[in-house]
Amino acid sequence: MFENKDSSPTQLEDLGEFGLISHLTQKMSATQPSTRKGIGDDAAIVEVGGNFIAISTDMLVEGVHFDLGFTPLAHLGYKALVVNLSDICAMNMTPTQVTVSMAVSNRFSLQALEELYKGIDRASKLYGVDVVGGDTTSSTKGMLLSVTAIGQTGAEEDITYRSGAGANDLLVVSGDLGAAYMGLQVLRREQEVFKANPNHQPDLEPYHYIVERQLKPEARKDIITLLKALGVRPTSMIDISDGLSSEILHLTTSSKVGCNLYEDKIPLDPTVIQVCEEFSIDSTLAALSGGEDYELLMTIAQEDYPKIKGNPDLTVIGHMTASGAGANLITRGGAAIPLTAQGWNAFGSRDSG
């Protein structure tokens with residue numbers, strides 16, 4: 001029998017998603033020789049016949065991760081695949097297969113699920129992955145999606161973990177940040193206006209870029225191809241799903257280093273800056289804590305800098321430091337502020353799309 005000797009229950013919100021995983025699995029260890037990397041990275045790594053396989057699973061729960069009040073089902077199916085493929089890319093590996101499982105209530109018709117699968121099919125074709133299985137069951141309330149993504153590489157040295165960063169490595173990010181979060185703010189505002197006035201027809205054209213970043217994100221498989229073409233192997237890497245600050249802290253914790261992130265180097269699309277002003281939200285805060293950008297955050301050796309210099313898809317936003325220095329945001333005014341993980345907490349009260 002399992003016994004709980006502590007009479008005062010711990011709230012899951014106090015632990016957060018990663019604290020909960022760490023606590024529940026602290027006594028577990030890998031015993032199979034084929035398990036090369038277990039819990040604690042974007043994907044697990046298993047060796048099979050000399051090939052290295054990455055495996056990652058994520059769930060999307062209605063009312064927690066998505067709102068069907070403004071999320072088309074085809075977009076949801078597309079996004080469900082992409083967010084999992086992004087984890088494989090974050091291991092510097094190529095996604096190859098997925099399985100899709102779902103639980104749905106009887107308020108969903110066959111036609112609705114066909115729309116969902118249009119998005120799944122479109123993403124699988126675009127990214128060149130096969131849908132090879134899954135499961136379906138009933139739900140008493142709403143929809144739940146669970147996708148497992150599989151990727152592979154034939155060379156173990158090509159795999160990039162969170163734990164490989166060294167002091168003085170450069171901190172580099174793909175694309176721009178904060179757009180998905182600001183797209184979510186626009187969608188929620190328009191949803192509230194619609195509730196008050198059902199005849200209201202929102203004009204989302206000025207917000208097209210940031211709304212698309214929220215509803216239809218892309219996994220940066222192209223960045224993996226680019227890095228190989230440039231001859232750059234990141235020393236560590238992670239995808240940005242929970243906000244820049246949280247992901248930096250994952251890298252510094254796993255690699256046992258510190259970090260200086262420079263505020264004026266964070267890449268922001270002009271639309272993000274404009275909409276942040278419209279909502280009176282600090283654009284740096286949107287990038288640090290917003291999440292769901294699914295860009296790749298990586299560290300590279302300083303000698304590789306000439307290979308990426310001037311590349312429009314990659315931006316150097318800081319550098320790693322000795323572990324004792326901590327992880328800090330260097331503001332435009334030159335002040336050093338400790339980074340805190342204020343991104344998405346699956347068990348907290350903070351909203352998500």
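Mind giving me the nanometre distance, one decimal, between the label points for ASP282 and ASP313, set 7 Å out from Cα along Cα→Cβ?
3.3
Compute a Gaussian network model of the chain, connecting alpha carbons closer than 10 Å, and tell me which residue from SER138, SER163, SER236 fluctuates the most.
SER138
Give me the net charge of PRO312's neighbourhood, meaning all other residues with Cβ under 13 Å from the Cβ of PRO312; Lys, Arg count +1, Asp, Glu -1.
Taking every Cβ under 13 Å from that of PRO312, the sum is -3.
How high is the relative contact order of region 153-212, in percent, counting Cα pairs under 8 Å that sit 6 or more residues apart? Kindly include the intermediate steps, with their values, before the conclusion.
Numbers: 23 pairs, mean separation 22.7, N = 60.
That works out to 38 percent.
Which of LEU230, PRO270, HIS250 sits farthest toward the positive end of the charge dipole of region 230-286, with +1 on the Cβ of Lys and Arg and -1 on the Cβ of Asp and Glu?
Positive-most Cα among the choices belongs to LEU230.
Which part of region 259-283 falls in the paramagnetic zone of ARG188, meaning amide N under 17 Å from the point 7 Å along Cα-to-beta-carbon?
Inside the label zone: 275-283.
With both partners inside region 100-193, how many of the DSSP beta bridges are antiparallel, as a percent to the nearest 5? Before the final figure, lay out the partial values.
Working: 5 of 10 bridges.
Restricted to region 100-193, the bridges split so that about 50 percent are antiparallel.
From Cα pairs below 8 angstrom and at least 6 apart in sequence, can you work out the relative contact order of region 227-353, rounded to a whole percent?
Computed value for region 227-353: 41 percent relative contact order.
So what is the 222 nm mean residue ellipticity for the chain from helices alone, if each DSSP H run of at least 4 adds -39500 (n - 2.57) and you divide by all residues, rounding to the nearest 500 deg cm²/dmol?
Mean residue ellipticity at 222 nm (helix-derived): -10000 deg cm²/dmol.
Can you list the trypsin sites (Lys or Arg not before Pro) in region 239-342 that are in a DSSP coil and have 13 or fewer other beta carbons within 10 angstrom?
On the way: sites: LYS256, LYS265, LYS307, LYS309, ARG332; in loops: LYS256, LYS309, ARG332.
Here the sparse-neighbourhood loop sites are LYS256, LYS309, ARG332.
Antiparallel DSSP bridges in the chain: what percent, to the nearest 5?
So the antiparallel bridges amount to about 80 percent of the total.
Could you give me the percent of Cα pairs per 10 Å distance bin for region 95-149, shortest bin first, beginning at zero and ending with the bin that holds the maximum distance?
The percentages, shortest bin first, are 23, 53, 22, 2.
Here are a few candidate values for volume of the Cα convex hull per residue in Å³: (1) 180; (2) 148; (3) 127. Which one was actually calculated from the structure I just gave you?
(1)
Once neighbouring chains are kept in place and the probe is 1.4 Å, which whole percent of the accessible area of region 121-173 is contributed by carbon and sulfur? Please list the in-between numbers first.
Values: 1180 of 2620 Å².
About 45 percent, which is the carbon plus sulfur part of the accessible surface.
How large is the dipole of the chain about the Cα centre if only Lys and Arg carry +1 and Asp and Glu carry -1, each at its Cβ, rounded to the nearest 20 debye?
Computed charge dipole of the chain: roughly 420 debye.
Please compute the per residue accessible area over the chain with all protein chains in place, 1.4 Å probe, rounded to a whole number of Å².
Result: 49 Å² of accessible area for each residue.
Loop-only check: which trypsin sites (Lys or Arg not before Pro) in region 97-160 are DSSP coil with at most 16 other Cβ within 10 angstrom?
Values: sites: ARG107, LYS118, ARG122, LYS125, LYS141; in loops: ARG107, LYS141.
Loop-located and lightly packed - ARG107, LYS141.
The values are calculated or read from the model by the stated rules, or taken from the named source; none is laboratory data. If you're wondering where the values come from, they're calculated on a predicted model, not measured in any experiment. Neighbour counts are summed over all protein chains in view; Cβ atoms, including those assigned to glycine, are modelled from backbone coordinates with ideal geometry. Areas reflect the complete protein model, heavy atoms only, side chains present, ligands, DNA and RNA absent. Shrake-Rupley method; radii C 1.70, N 1.55, O 1.52, S 1.80 Å.
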